[in-house]
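Please treat every number below as a calculation from the coordinates, not as lab data. What you are looking at is a predicted structure, and each value in this text was computed from that prediction instead of being measured. Cβ coordinates were reconstructed from backbone atoms using ideal geometry, including for glycine residues, and neighbour counts include every protein chain displayed.
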């Protein structure tokens, strides 16, 4: 064990020596990420006028009070009012317009759909999208999600009022009062616009904060390359001439890099959690679970860097791969573009990538949650470390160390 203790001290000192390079890498990463955000914002908002699109609504209840209010509601939502127009059409005309790309989507409402939802029948609404038009899915995602919660709230109000009538022994009056109760609940829910704006925009913004932090971690840890680069052949000859085990040697390298990177991240997190006043309701808490989050996140990036350096045997190639892989994985997991813009196969793959797990864990951290995705994070740490060990043994056997 003395040999491995000495190796750990050696690796720890090597990692400490490159801390200034990591700091410079972090500053350059912030500049690079900020530049990307600025360019993306200019590209997205350079036009003063947004192109509007139409969504066809097919319903036989267009003249009812409920449907009129529902159409007014979805037409004035914060995300749809600037870009979408909703038009009631017959089914035949709507499907023809969809084929001719005059509308981006057709929504088929079953008869008496809102009453059905209010009274628990919950008939589904069928939505047809234009072929290969993922943008329509993005626009309508808020519509369907917010609308579902809106009607659920109205449904709950109707059930509560019905229970109150029954408790008071006024069942005979309940049938006459149902319509007024529904209108009252529906109007109340529709008036709570701020609820939907807040609940929908906050997680989206936090997602992009988490994506920026992931890129920052991967980019800045690439500066540990001088400490992780391959040693010269004579060092390995002396090391393995005795009873040193390859996997234990790699473990000392991993632990040293992990500890230094985690301590650096902790030095940034502590003052932010203690003194800063983060915007957008971000909660950075000084609790053991949050510290465990930081150490696990750093362990994933450290194991990934160790694997790449062991695989390539070249520091420049490992750095390039680390930067490229981190961006590509983050893109596939929906951290750069919304998942609705990605092909279905890529979306399915992205959900299982380490960047998806890291993003989810960072979101929990930013919200001050005590939840830890322990098994998925440990799984990726073990997978990357095992891959590094296998690669090292293969290169050792092939005399390519």
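Put simply, when 207-215, 377-385 are sorted by average Cβ atoms within 10 angstrom per residue, most first, you get 207-215, 377-385. Above 16 Å, the calculated P(r) of the range 282-349 contains 63 percent of its Cα-Cα pairs. Each part reduced to its alpha carbon centroid, the range 291-316 and the range 325-367 end up 18 Å apart.
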